[in-house]
Amino acid sequence: MTDEEIVVAVIDDDPSIRDALGRLFETVAIKAELFGSVDEYLRVSKSHPANCIVLDVRLPGPSGLDFQTQLVRANNRTPIVFITAHADIPMSVRAMKAGAIEFLTKPFRHQELLDAVRNGIEHDRLRRAEALALADLQVRFASLTPREREIMALLAQGRITKQIAGEIGISAMTVRIHRSQVISKMGARSAADLVRMADKLGAIIESAS
């Protein structure tokens, strides 16, 4: 992802605040898209999701906290920076426990917001990189034969060659050949690396065993 592709969504029902934040992000070359409600954002987010959301707590329709709950339930981990003029401790604790990057009370310093948003963007970079890496592992795993998947699952459980051979009824030499194929297809550097890959694949590996 290039800096030109990064988008911060600002969701606030106060037009003056939206415009001010839009100008602030423009000064540091961050593209901001401005919305007056959660519903406005949802109408465009499926085709153009944000890398970080600056979200007011009190909004017409779903509140910022309600929207955060909705995203968590959908396993959407887009980083959120909350802003509000009406903060209280239970509200901020709820937001942070649900994974918010920051909870800022208006008026806040511009630098505080910029730092929080940059932190959110970096979280999003890492999240997307991890998702791409996992997708690549899944493609590699799908290229394995059923027998190779079975052997990879057993290797991930700590089985040695003789144990695998006895468990599935093939020779130790055949197990070694399959293991070599698995390591090659998965792009693993070693058996230990293969185990780490299996750990990332999680339930997919378990279903093969």
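The values are calculated or read from the model by the stated rules, or taken from the named source; none is laboratory data. A quick note: this is a predicted structure, and the numbers were derived from the prediction, not measured. Every residue, glycine as well, gets a Cβ built from its backbone with ideal geometry; the counts of neighbours run over all protein chains shown.
A few remarks follow.
- Flag if Gly64 is in contact (Cβ under 8 Å) with a residue 12 or more places away in the chain, farther than 20 Å from Ile101 by Cβ, surrounded by 13 or more Cβ atoms within 10 Å (Cβ to Cβ) and in the same structural domain as Glu130 (by TED's automatic domain parsing): no
- Residues satisfying the stated conditions in the range 42-79, i.e. of a type in the set (Val, Ile, Thr) and under 15 Å from the mean Cα position of the chain (by Cα): Ile53, Val72, Thr78
- Candidate set from the range 120-166 (those that are exposed (fewer than 15 other Cβ atoms within 10 Å of the Cβ) and acidic (Asp, Glu)); member that is farthest from Asn51 (Cα to Cα): Asp136
- Where a residue in the range 83-111 is in the same structural domain as Asp13 (by TED's automatic domain parsing) and surrounded by 15 or more Cβ atoms within 10 Å (Cβ to Cβ) and its partner, wherever it lies, is charged (D, E, K, R) and outside any loop (DSSP other than H, G, I, E, B), with Cβ under 7 Å and at least six apart: Ile83/Asp56; Thr84/Asp56; Leu104/Glu112
- Scanning the range 25-46 for residues that are surrounded by 18 or more Cβ atoms within 10 Å (Cβ to Cβ) and of a type in the set (A, V, I, L, M, F, W, C) yields Phe25, Ile30, Ala32, Leu34, Phe35, Val38.
- Among (1) touching a helix residue (DSSP H, G or I) at 6+ places or on another chain (Cβ under 8 Å); (2) closer than 30 Å to Arg23 by Cα; (3) not hydroxyl-bearing (Ser, Thr, Tyr), the one test that Leu126 misses: (1)
- Flag for Leu55 being surrounded by 13 or more Cβ atoms within 10 Å (Cβ to Cβ), closer than 30 Å to Ser184 by Cα and touching a helix residue (DSSP H, G or I) at 6+ places or on another chain (Cβ under 7 Å): no
- Matching residues, the range 134-177, being part of a helix (DSSP H, G or I), of a type in the set (Gly, Ala, Ser) and more than 12 Å from Ala191 (Cβ to Cβ): Ala135, Ala142, Ala153, Ala165, Gly166, Ala172
- Test: residue in the range 5-25 that is modelled with pLDDT of 95 or more, touching a Leu at 6+ places or on another chain (Cβ under 6 Å) and in a strand (DSSP E or B): yes
- Among the residues making up the range 100-134, those that are among the small types (Gly, Ala, Ser) and modelled with pLDDT of 95 or more are Ala100, Ala116, Gly120.
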